[in-house]
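Scroll down for the structure; my scribbles are underneath it.
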Amino acid sequence: MTAGHTGNPSTAGRAAALSARLEARPGMPPGPKASGPVRLVRAPGRVNLIGEHTDYNEGLVLPAAIDREIWIAFQGWDRPEVELTSAEFDDTRSFSFEGLSPETRGAKSWIDYVAATAWAMREAGLPIRGFRGVMNSTIPIGSGLSSSAALEMASSWALAVPGAPRPDPGAMAAIAQRGENRYVGVNCGIMDQFASAAGMAGNALLIDCRINQFTTAPMPTGLSLVVCETGSSRKLEASAYNTRRSECELGVKLIAEREPGVRALRDVDEAMLERNRDRLPEVVARRCEHVVREDARVMASVAALRDGDLDALGRLFAASHASLRDLYEVSSPELDAMVDIAVSVPGVIASRMTGAGFGGCTVSLVERRAEEALREAVLAQYQKRTGLEPRVYIVAAVDGAGEVILGA
Ligand code: NG1
């Protein structure tokens, strides 16, 4: 099975606990029976190393799937229905395939991400099957580590009819993204679903969001990937995110009036942007400048990862953060403080805000020996500076979503 994880003690323990909870759950309805043994699927969250607000501009991103994951233990059944329990929330929700339509817009509950995936799979002509299951998650919610995309990708595995041909990870990610765009009503790019679907252990993924293809870039050995959560609210995010998208679209429209062939900011380089700057409202010019240069920084970062050029990585992360703060204006005092603290710690190679911004997390590349020093510096200084409680996660790049084959 693609991306199958082989069993190890923690895998087996987690699987056993989830399966036991599923089997002990009352409420197996009379009539159609769940068929076959309990199966297990998993899907990781992700952190983006660099390439922010580029995915919806048909640009480049460099995320890694991380060992913060959603797992679902489930049994397929012959009802056109999903009934799923969240172990964390102790909450059971269900939906029927019959009522699925994008008019159900808006995520009123976590189950809507599962329903969105079922809707999008069916729309794409993929057969789906109902199941009853129990899930748990180690991805912090609302912190920008893509718990929604992970839930979608885990669901795509649980909903799939066994033995049916499965689209490649990029195509499956595009299907789930369509579900999130059209059914849930979140206008996200493809990065989150793609990273969760296609992750490769020990690697970041260079994803070309124009053609939905990826290559891998090795994580430097000897460096840890550290995510620091600011604990600050991302309330403004949805409207500000959509405003940024519209500003980019306006930039494309105005540049394309003079430059035939420009379809997205991906088609614009720095020279073209300068030639056309006078046509753009000042704020739109700044948004475009961020995106155009960020694409270039992604390519430079991949080269730096491959060459082990840590100084270059540090400069590129710093430039990305400054651009998100000053040109794209999606950072926050909390994100700035977190990056500030991180880069003052010897052994921290690179640090920047990650995800949409307005709160959420930073991502840092850190020499292993400096992991604890970073954690201590954050715990000692961040709360004093912001009044908020930080969280520090040391994460590893893992494989993308798939079935967990126990004992393999
Ligand atoms: P976060 O904020 O990490 O969920 C969002 C988008 C991505 C991408 C980044 C910015 C959603 C669900 N995801 O990520 O597609 O555009 O912002 O690079 O909105």
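The values are calculated or read from the model by the stated rules, or taken from the named source; none is laboratory data. Since the model is a prediction, treat every value here as computed from it, not as a measurement. Glycine also receives a Cβ, built like all others from the backbone with ideal geometry; neighbour counts cover every protein chain displayed. Ligands, DNA and RNA are stripped out before the accessible areas are found, and what is left, the full protein with its side chains, is counted by its heavy atoms. Shrake-Rupley method; radii C 1.70, N 1.55, O 1.52, S 1.80 Å.
Mind listing whichever residues of segment 121-153 are among the small types (Gly, Ala, Ser) and either within 16 Å of the ligand (Cβ to nearest atom) or without any contact (Cβ under 8 Å) to a residue 24 or more places away in the chain (or both)?
Step one: list which residues in segment 121-153 are among the small types (Gly, Ala, Ser), which gives 124-125, 130, 133, 137, 142-144, 146-150.
Answer for segment 121-153, where residues must be among the small types (Gly, Ala, Ser) and either within 16 Å of the ligand (Cβ to nearest atom) or without any contact (Cβ under 8 Å) to a residue 24 or more places away in the chain (or both): GLY125, SER137, GLY142, SER143, GLY144, SER146, SER147, SER148, ALA149, ALA150.
In the set (1) over 14 Å from PRO63 (Cα atoms); (2) crowded, with 24+ Cβ neighbours inside 10 Å, ALA195 fails one condition alone, (1).
The set of residues in segment 380-393 being under 21 Å from the mean Cα position of the chain (by Cα) and surrounded by fewer than 17 Cβ atoms within 10 Å (Cβ to Cβ) consists of ARG391 alone.
Residues in segment 296-312 that are open to solvent by less than 30 Å² (accessible area, probe 1.4 Å) and in contact with a helix residue (DSSP H, G or I) (Cβ under 9 Å, 6 or more places away or on another chain): ARG297, VAL298, SER301, ALA304, LEU305, ALA312.
Tallying residues that are in contact with a Cys (Cβ under 6 Å, 6 or more places away or on another chain) and either at pLDDT below 95 or among the hydrophobic types (A, V, I, L, M, F, W, C) (or both) within segment 362-408 yields 2.
Listed here are the strands (runs of 3 or more DSSP E) enclosed by segment 360-408 that have at least 3 residues being of a type in the set (A, V, I, L, M, F, W, C): 361-367, 391-395. Taken together, the criteria exclude ALA377 from residues that are without any contact (Cβ under 8 Å) to a residue 60 or more places away in the chain and open to solvent by 30 Å² or more (accessible area, probe 1.4 Å). For segment 244-276, the set of residues classified as of a type in the set (Lys, Arg) and open to solvent by less than 40 Å² (accessible area, probe 1.4 Å) consists of ARG244, ARG245, listed by residue number. Within the span defined as segment 222-235, one or more residues are among the hydroxyl-bearing types (Ser, Thr, Tyr), away from the ligand (no atom under 15 Å from the Cβ), closer than 30 Å to ASP336 by Cβ and not in a helix (DSSP H, G or I). For ARG315, state whether it is open to solvent by 40 Å² or more (accessible area, probe 1.4 Å), assigned to a helix (DSSP H, G or I) and under 14 Å from LEU49 (Cα atoms). Spelling it out, ARG315 is indeed open to solvent by 40 Å² or more (accessible area, probe 1.4 Å), assigned to a helix (DSSP H, G or I) and under 14 Å from LEU49 (Cα atoms). There is no residue in segment 329-350 that is in contact with an Asp or Glu (Cβ under 9 Å, 6 or more places away or on another chain), surrounded by 24 or more Cβ atoms within 10 Å (Cβ to Cβ) and of a type in the set (Gly, Ala, Ser). Reported count of residues in segment 54-112, each being of a type in the set (Lys, Arg) and buried (at least 22 other Cβ atoms within 10 Å of the Cβ), is 1.
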